[in-house]
Amino acid sequence: MESSNALRAFEAMLEQAAPARASEPGWLAEARHAGLEAFRLQGIPTTGHEEWRSTPLAALAATAFAPAPTSAGPAPTAVGPLAGLGGNRVEIINGAPILPDGRRQGAGSSTFLLSAATPEEQAAVMRRLGRTHSLNSHPFAALNLALHGDALVIHVTADATEPLHIRHCALPSDRPFATAVRVLVVAEPNARAALVETFEGPAGGAYLTNAVIEFWLGDGAAVEHCRIQVEGADATHLSLSHAMVGRDSRFASTNISLGAALARYDGNASMVGSGGECTLNGVYVAAGTQLIDNHTYIDHAVAHCQSHELYKGVLADRSRGVFNGKILVREDAQKTDAKQTNQVLLLSGDAQIHTKPQLEIFADDVRCTHGATIGRLDADALFYLRARGILAEQAHTMLVAAFAGDVIERIADETLRGVVDALVRDALRAGLT
Amino acid sequence: MLEIRDLHASVGGNEILRGISLSIRPGEVHAIMGPNGSGKSTLARVLAGHPDYEVTGGDVTYRGEDLLEMDAEVRAQKGIFLAFQYPVEIPGVNNSYFLKAALNAVRKARGEEELDAVDFLALIRQKAKLLDLDTALLSRPVNEGFSGGEKKRNEIFHMAVLEPMLSVLDETDSGLDIDALRIVANGVNALRSPERASIVVTHYQRLLNYIVPDFVHVLSDGRIIRSGGKELALELEDKGYAWLDEPGHA
Ligand SMILES: Nc1ncnc2c1ncn2[C@@H]1O[C@H](COP(=O)(O)OP(=O)(O)OP(=O)(O)O)[C@@H](O)[C@H]1O
Ligand SMILES: [Mg+2]
């Protein structure tokens, strides 16, 4: 593997972290080692790599990232719509989860750092951490396993009614730095939880977010997940979510991607128990020279599961979007019902979208549909609004917001829905002017 | 109020309006009739400021100002209202939310304060009642899935809320049942005043029984070929448009 500034920087970070990790349990050291090996094997992908064809990482590879500054201070108070999110919050500052005494007991759930786990908890984590997906499927998730600090674990045992907000916050720095965060969510059978992740960072200054969250849903469990990516304008955001959806359980995730110079998200789900249902929805808004890349992958491994995907993208200026939706229906996954839709609104002649459905179906009695539409704003609708007195700019925003609203209105939690709606409107206003 | 002089307009390189002159004073209602494709909707769209239509000649003065210089939204803010022949469906935009934005844009332009949610609700309830509009339509996306008649009624409902100075109704009567026609006409008449004026495009004399025009014009092939009083509409109903082409009449 050819060396690059970023590779050398990652290796240096590992070396630097080694003493602190000497006390980690053996299984974790092994997992980290496996992650590192898998990363070294894959390297930083080029656009020659099929999965990264439209996502140029040359600038990332050339950056000599510093380790994330520690104790860089408290996270700034959220402003704007994000301030409307509830108070049940864990902050992860420059990649380090902040949890006094390493643990917090909530109604129906406990949240703890892996370093503070009881032996039983550790055993449960060991069986799951880094095990939702193959380490060879995603170089940065593999790197994440080697590099992440203390993992944040959320163990949902019953009805965790109050949504938990995980606030990933990068602080201003004068040098480009890299974080690696790992979150594990384990929902016991019939447990229920709602989780909001926000990714926030300084308006300017380069940094790399590498975040992996894994979900394990027991039989009959239900998890609502929303991720709101509003990273700073110079950030690179690489993240992966993977949910293991058990029997009769329900996983619903909404991915709101608005920030960063380059954002790549892999939203994965494995349908491993019959009667499971998963929803992977998303809204992305890009302007300037932003690149937002969303890859989804749903693995229908067993029969009688449903999956729904609805992604809506709005691309202005010279921005680029990528949507790659893979659905694998294995031989045993009869009666699978999978629906995938990706709709894109191009607001400029220079904006580009690369959209690709990727259906691999090995069962015969299934219903799988996919559709992609790429369009422009409806000129008749625009004239109708203007002819009633609405300024052209406001009419634009209204129509585009309505387009994205189709996804946003499906967010179950009302407060969260309002926050997302306001954020998307702000992004649209900024992107359209 | 509105002075149209020798107006020529094209769309997609085709000249559709070929020299229209029309003078409308405050308080007047002008009906425009004419065969399909003669340019009635084109005239309406040009007056409303549709960006696809290119004015190639002539001028239009509205209350002392050059209308053709104004963007569509400015015209609306200055009191011009077009009731569309084919109202546009706008998925995802709530009807009353949209109307509130429109009303507040118009009020702002008039130097009036924006209406708060409570006053707005009271206003639209009152106007919906006036037009016997099913209030369920208020919370649905604009025109989406509305029946043909509901769309037309919704247009007049918008008009009733916005209270324009000059309304241009493009075949608002087509698709309406008899009762709806009367209700819609009442809505239009409720706005009639010495300061306001209307242009009513229609194919049917029937509407003009309810909205009695001061003048009737016949548009054919992009020109006004005949103007008269309300009796002209009766004559047209009786004889069609062909007789206008007979020697001595054109
Ligand atoms: N956008 C357009 N592109 C091309 N031709 C157009 C366009 N708009 C209107 N026309 C043409 O202009 C002519 C006049 O159309 P217009 O809609 O003004 O007729 P109209 O008098 O309103 O007819 P109707 O009674 O059927 O509503 C028609 O021949 C129509 O095809
Ligand atoms: Mg017409």
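So which strands (runs of 3 or more DSSP E) stay within the range A:122-219 end to end and still have 1 or more residues that are of a type in the set (Val, Ile, Thr) and over 28 Å from residue A:40 (Cβ atoms)?
Correct list: A:152-156, A:164-169, A:177-187, A:192-200.
Would you mind stating whether residue B:98 is away from every other protein chain (no Cβ under 14 Å), open to solvent by less than 50 Å² (accessible area, probe 1.4 Å) and among the aromatic types (Phe, Trp, Tyr)?
When the stated conditions are applied, residue B:98 does not pass them.
Just a yes or no: is a residue in the range A:120-142 at pLDDT 95 or above, closer than 14 Å to residue A:90 by Cβ and open to solvent by 10 Å² or more (accessible area, probe 1.4 Å)?
Within the range A:120-142, none of the residues are at pLDDT 95 or above, closer than 14 Å to residue A:90 by Cβ and open to solvent by 10 Å² or more (accessible area, probe 1.4 Å).
Taking only the range B:137-180 into account, find how many residues are within 16 Å of ligand 1 (Cβ to nearest atom) and either outside any helix (DSSP H, G or I) or within 16 Å of the chain's Cα centre (by Cα) (or both).
Here the count works out to 12.
Can we say residue B:85 is in contact (Cβ under 8 Å) with a residue 12 or more places away in the chain, within 16 Å of ligand 1 (Cβ to nearest atom), open to solvent by 20 Å² or more (accessible area, probe 1.4 Å) and closer than 16 Å to residue B:159 by Cα?
When the stated conditions are applied, residue B:85 passes them.
Here's a check for you: in the range B:190-213, which residue that is open to solvent by 70 Å² or more (accessible area, probe 1.4 Å) and charged (D, E, K, R) is nearest to ligand 2 (Cβ to nearest atom)?
Step by step, filter the range B:190-213, then rank; the result is B:206.
Please work out if residue B:92 is among the small types (Gly, Ala, Ser), more than 17 Å from residue B:201 (Cα to Cα), surrounded by 14 or more Cβ atoms within 10 Å (Cβ to Cβ) and away from ligand 2 (no atom under 16 Å from the Cβ).
Spelling it out, residue B:92 is indeed among the small types (Gly, Ala, Ser), more than 17 Å from residue B:201 (Cα to Cα), surrounded by 14 or more Cβ atoms within 10 Å (Cβ to Cβ) and away from ligand 2 (no atom under 16 Å from the Cβ).
Condition check: facing chain B (nearest Cβ under 10 Å), open to solvent by 10 Å² or more (accessible area, probe 1.4 Å) and among the aliphatic types (A, V, I, L, M). Does residue A:404 satisfy that?
Considered against the rule, which asks whether it is facing chain B (nearest Cβ under 10 Å), open to solvent by 10 Å² or more (accessible area, probe 1.4 Å) and among the aliphatic types (A, V, I, L, M), residue A:404 comes out as no.
Scan the range B:45-58 and tell me whether some residue there is away from ligand 2 (no atom under 16 Å from the Cβ) and under 30 Å from residue B:147 (Cβ atoms).
Yes: one or more hits.
Looking at residue B:125 and the list (1) closer than 18 Å to residue B:86 by Cβ; (2) away from chain A (no Cβ under 12 Å); (3) surrounded by fewer than 21 Cβ atoms within 10 Å (Cβ to Cβ); (4) charged (D, E, K, R), which single condition is not satisfied?
Single failed check for residue B:125: (1).
Output yes when any residue across the range B:12-21 is away from chain A (no Cβ under 14 Å), within 12 Å of ligand 1 (Cβ to nearest atom) and among the charged types (D, E, K, R), and no when none is.
Yes, the range B:12-21 has at least one match.
The values are calculated or read from the model by the stated rules, or taken from the named source; none is laboratory data. It should be emphasised that the depicted structure is a prediction, and the values quoted were computed from it without experimental measurement. Here the Cβ is made from the backbone with ideal geometry for all residues, glycine too, and neighbour counts use every protein chain on show. Areas reflect the complete protein model, heavy atoms only, side chains present, ligands, DNA and RNA absent. Shrake-Rupley method; radii C 1.70, N 1.55, O 1.52, S 1.80 Å.
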